[in-house]
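Okay, so here's the structure we're looking at.
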Amino acid sequence: QVQLVESGGGLVQPGGSLRLSCASSGRIFSIYAMGWYRQAPGKRREMVARITNSGSTTYADSVKGRFTISRDNAKNTVYLQMNFLKPEDTAVYYCNADLITENYWGQGTQVTVSS
């Protein structure tokens, strides 16, 4: 199994920044990719950003140029730097670990963008 613990959510004004962190433990050597997903009220969960174990990154069109995913292998932690936040970025953000045949999720962290 893989355990994921997210942190860093909160309330921020439009145009502001936040950095989310996801610390992983357990079968981390089996992880193929780590990702951040989000789910707003009444909407489906969507991929925000993803990084493979080779460092390849993918972003949703809505966050390109504003969000950056990165990782610190020494700390087994993945980050999501979110800049120029918009009200439509408001959602619960979930960390995901993709082991190809299995997927693990964190508990989620709330991000609210509002003035």
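The values are calculated or read from the model by the stated rules, or taken from the named source; none is laboratory data. Predicted, not measured: the structure shown is a model, and the values here were computed from it. Every residue, glycine among them, receives a Cβ derived from its backbone with ideal geometry; neighbour counts consider all protein chains shown. Please note that ligands, DNA and RNA were not included when accessible areas were found on the heavy atoms of the full protein model with its side chains. Shrake-Rupley method; radii C 1.70, N 1.55, O 1.52, S 1.80 Å.
Cβ-Cβ contacts under 7 Å between residues 6 or more apart (or on different chains), taken from a first residue in region 84-113 that is within 17 Å of G8 (Cα to Cα) to a second residue that is of a type in the set (A, V, I, L, M) and surrounded by fewer than 16 Cβ atoms within 10 Å (Cβ to Cβ), are listed as T90/A40; A91/A40; G106/V5; T112/L11. Would you say T90 is surrounded by 12 or more Cβ atoms within 10 Å (Cβ to Cβ) and hydroxyl-bearing (S, T, Y)? Yes; evaluated as a whole, the condition is true for this residue. Restricting attention to region 29-72, the residues being open to solvent by 40 Å² or more (accessible area, probe 1.4 Å), assigned to a helix (DSSP H, G or I) and not small (G, A, S) number 2. Pairs linking a residue in region 45-66 that is farther than 18 Å from C95 by Cβ to a residue that is in a loop (DSSP other than H, G, I, E, B) and open to solvent by 80 Å² or more (accessible area, probe 1.4 Å), with Cβ atoms under 8 Å and 6 or more positions apart or on different chains, are R66/F84. Scanning region 8-28 for residues that are over 18 Å from F84 (Cα atoms), open to solvent by 50 Å² or more (accessible area, probe 1.4 Å) and modelled with pLDDT of 95 or more returns no hits.
Exactly one residue out of D61, D98, D89 is closer than 17 Å to R19 by Cβ and of a type in the set (D, E): that is D89. Being in a strand (DSSP E or B), of a type outside the set (A, V, I, L, M) and touching a strand residue (DSSP E or B) at 6+ places or on another chain (Cβ under 8 Å) is a property that holds for Q81.
In region 2-28, how many are of a type outside the set (G, A, S), within 24 Å of A74 (Cβ to Cβ), touching a strand residue (DSSP E or B) at 6+ places or on another chain (Cβ under 6 Å) and not in a loop (DSSP other than H, G, I, E, B)? The total comes to 9.
For S115, the conditions (1) in contact with a strand residue (DSSP E or B) (Cβ under 9 Å, 6 or more places away or on another chain); (2) small (G, A, S); (3) surrounded by fewer than 14 Cβ atoms within 10 Å (Cβ to Cβ) are fulfilled apart from (1). Every test in (1) more than 15 Å from N96 (Cα to Cα); (2) modelled with pLDDT of 95 or more; (3) loosely packed, with under 14 Cβ neighbours inside 10 Å is passed by M82 save one, and that test is (3).
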